[in-house]
Amino acid sequence: MKVLLIDGYNLIHSHPSLSRTVGKNLEEARDELLRMLTPLCSPIFYDAVVVVFDAPSAPRLSGLDAHEGLQVVFTGRGQSADAFLRKAILALVGKAKVEVASGDRAVIQMADTLGVRWLTGERFWNMLEDARGTLRREVERRRAAYRSRVEDRLPEEVRRALERIRRGEDL
């Protein structure tokens, strides 16, 4: 199993347009981030994508939610996203192939120590762009495979019968 753990607000602040949006509308910035991350939910990339947001002073937001294949975690009172990520890394190492996207020094240090691949903002956004390209190419490849003509998929006997009908001949 391959799991990607993401520090949500850290990535928002590392993206030019999201960092501008967050100053005006935090919820809109979160929603846009989640929308941008959905391609990573394809099984060709990750089996699970977990996005963690700080919500220590907003108990109504705390908990686990699903969004377009993503698992979204709002941390509880007294817990930061960074603390959650460190605990999640420890809990998952050895049980899954874990990757983490965060710019937090302690998270990166723990990931590095445990042999977990880590990505800071710029590296993450580059990886996401590569993933989108891979997904587009895969979709196009599959579409091309199914773009055969109907007559090529019909048995010869059926094609002949349809052709006779088209010409107005008796069957």
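The values are calculated or read from the model by the stated rules, or taken from the named source; none is laboratory data. Not measured: the values here are computed from a predicted model. No Cβ is skipped: glycine too gets one built from the backbone with ideal geometry, and neighbour counts run over all protein chains shown.
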Practice task
Would you mind finding the one in Leu4, Leu40, Leu33 that is surrounded by 17 or more Cβ atoms within 10 Å (Cβ to Cβ) and in contact with a His (Cβ under 9 Å, 6 or more places away or on another chain)?
Solution key: Leu33
Fill in the blank from the handout: Of the residues in segment 103-117, those that are assigned to a strand (DSSP E or B) and either under 12 Å from Asp7 (Cβ atoms) or of a type in the set (Asp, Glu) (or both) number 0
Practice task
Return a yes/no flag: does segment 72-92 have any residue that is of a type outside the set (A, V, I, L, M, F, W, C), at pLDDT 95 or above and surrounded by fewer than 18 Cβ atoms within 10 Å (Cβ to Cβ).
Solution key: yes
Fill in the blank from the handout: Only one of (1) free of Cβ contacts under 8 Å to residues at least 60 places away in the same chain; (2) of a type in the set (A, V, I, L, M, F, W, C); (3) within 16 Å of Val100 (Cβ to Cβ) does not apply to Ile6, and that is (1)
Handout entry: Residues within segment 1-33 that are under 13 Å from the mean Cα position of the chain (by Cα), within 16 Å of Ala55 (Cα to Cα) and of a type in the set (A, V, I, L, M, F, W, C), tallied
Key = 1
Exercise for the section: Select, from Ala66, Ala145, the only residue that is modelled with pLDDT under 90, more than 22 Å from the chain's Cα centre (by Cα) and exposed (fewer than 15 other Cβ atoms within 10 Å of the Cβ). Expected result: Ala145
Exercise for the section: Tell me, yes or no, whether segment 129-137 has at least one residue that is part of a helix (DSSP H, G or I), in contact (Cβ under 8 Å) with a residue 60 or more places away in the chain, in contact with a helix residue (DSSP H, G or I) (Cβ under 8 Å, 6 or more places away or on another chain) and not basic (Lys, Arg). Expected result: yes
Handout entry: Output for segment 5-20, where each listed residue is touching a strand residue (DSSP E or B) at 6+ places or on another chain (Cβ under 7 Å) and in a helix (DSSP H, G or I)
Key = Gly8, Tyr9, Leu11
Exercise for the section: Just give me the residues in segment 68-102 being assigned to a loop (DSSP other than H, G, I, E, B) and either closer than 17 Å to Met36 by Cβ or in contact with a Leu (Cβ under 6 Å, 6 or more places away or on another chain) (or both), in sequence order. Expected result: Glu68, Gly69, Ser102
Problem - Residue within segment 100-109 that is buried (at least 17 other Cβ atoms within 10 Å of the Cβ), more than 29 Å from Pro16 (Cβ to Cβ) and either in contact (Cβ under 8 Å) with a residue 12 or more places away in the chain or of a type in the set (S, T, N, Q) (or both) present - result: no
Exercise for the section: Determine which single condition Gly23 fails, assuming it passes every other condition in (1) more than 23 Å from Ala106 (Cα to Cα); (2) in a helix (DSSP H, G or I); (3) at pLDDT 90 or above; (4) of a type outside the set (D, E, K, R). Expected result: (3)
Practice task
With respect to Arg132, determine if the residue is modelled with pLDDT under 95 and closer than 24 Å to Val52 by Cβ.
Solution key: yes
